[in-house]
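I have placed the structure first, in the form of structure tokens, so that the comments after it can refer back to it.
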Amino acid sequence: MLALTELGKRLKEARIEKGLSLEDLQKETKIQKRYLAGIEEGNYDLMPGKFYVRAFIKQYCEAVGLNVEQTFEQYHADIPSAQHQVVPEELSRVKTRTKEVAPKNSKVLDALPKAIIAAVVVGVLVLGWVIALYINKDDKEQANSNDSKVESQSEQSSDAQKEDSNDDSEQASTKTDDNKEAEKKEDAKKEEEKEKESDKDESKSKLTAVEGAANAGTYKLEGADEFKLELTATATTPSWVGVTNGKGNSFFSSMLQKGKTETIDLTNEQEVKIRVGFAPGVEVKVNGEVVQYPSDPKQNVTQNVFIQYDGSEANSES
């Protein structure tokens, strides 16, 4: 039994923190369970090659929410360097024999179909060029006759359009003044309604921070008729997110992939806990408002957000 490396210990701790077993990690990364166990134990002899060791470690880090570059830099001593795989001698011999067996006349036979195809292509191009010449000639003659007809018709219609435009301009000037006045009144009315609606929304819902620690913070949601939670993955690295209420009931517990948004209605809950495994890659919103993490997510990758909500206050006001 090999002793765990520092890298293996860190990866295993991150996996357990996410609540994932080796079977779960195998489903997520598509890497065989025995290879994953070998990475944790530092037993790289199980791997097909050194290149695969680095690739598997990278996928392991992404699955458990660890920064790949930082992990490789911190534990570089535990990670073998990638080298080109040597081609087996048997394979090289097979390729050499294949070249020797090939007949000398194969080059002539290979070139013959290409010459026939080239001749056919040239013939088709020449034929298309001749046909195009005749078509262009007919089109030019027809276009000249059509142009002469269009010129005569345009001269007749231009006089009639000048007379109509004079009458329309007098009527349009009168309508324009009336329309401008009506538009001004309508715009002023809409602007007033927007200001009233904005004031109403600001006084209705409020999310405030109650207390905070290194990677945990408590917030209070007041004056809201509903409690809608939005979780959006913004980074290439997937992140595990778990959402539970005060009784420990789970509403969401899964890896969140880039570009995916999970919306959860928590209106009937009084206390909710949100645990984010890789905070730099997840945006948390409550009723459309972005929730600021208790601490810098770059310093503390894992964050815990507690939200207290009393829906009875909002419902009583309504």
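When the stretch 241-253 is filtered for residues that are assigned to a strand (DSSP E or B) and either acidic (Asp, Glu) or open to solvent by 50 Å² or more (accessible area, probe 1.4 Å) (or both), the ones remaining, listed by number, are Ser250, Phe251, Ser253. Taken over the stretch 255-266, the residue count meeting the criterion of being surrounded by 15 or more Cβ atoms within 10 Å (Cβ to Cβ) and of a type in the set (Gly, Ala, Ser) is 0.
Residues checked against (1) surrounded by fewer than 16 Cβ atoms within 10 Å (Cβ to Cβ); (2) in a helix (DSSP H, G or I):
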residue: Leu36; (1), (2): no, yes
residue: Asp45; (1), (2): yes, yes
residue: Lys58; (1), (2): no, yes
residue: Ala63; (1), (2): no, yes
residue: Leu66; (1), (2): no, no
residue: Gln70; (1), (2): yes, yes
residue: Ser81; (1), (2): yes, no
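Across the stretch 199-233, the qualifying residues are those that are more than 26 Å from Gly277 (Cβ to Cβ) and open to solvent by less than 30 Å² (accessible area, probe 1.4 Å), and the one among them that is modelled with the lowest pLDDT is Gly223. Taken over the stretch 263-314, the residue count meeting the criterion of being under 19 Å from Glu222 (Cβ atoms) and assigned to a strand (DSSP E or B) is 15.
The values are calculated or read from the model by the stated rules, or taken from the named source; none is laboratory data. If you're wondering where the values come from, they're calculated on a predicted model, not measured in any experiment. Please note: Cβ atoms are built from the backbone with ideal geometry, for glycine as well, and neighbour counts cover all protein chains shown. Side chains included, ligands, DNA and RNA excluded: accessible areas come from the protein's heavy atoms. Shrake-Rupley method; radii C 1.70, N 1.55, O 1.52, S 1.80 Å.
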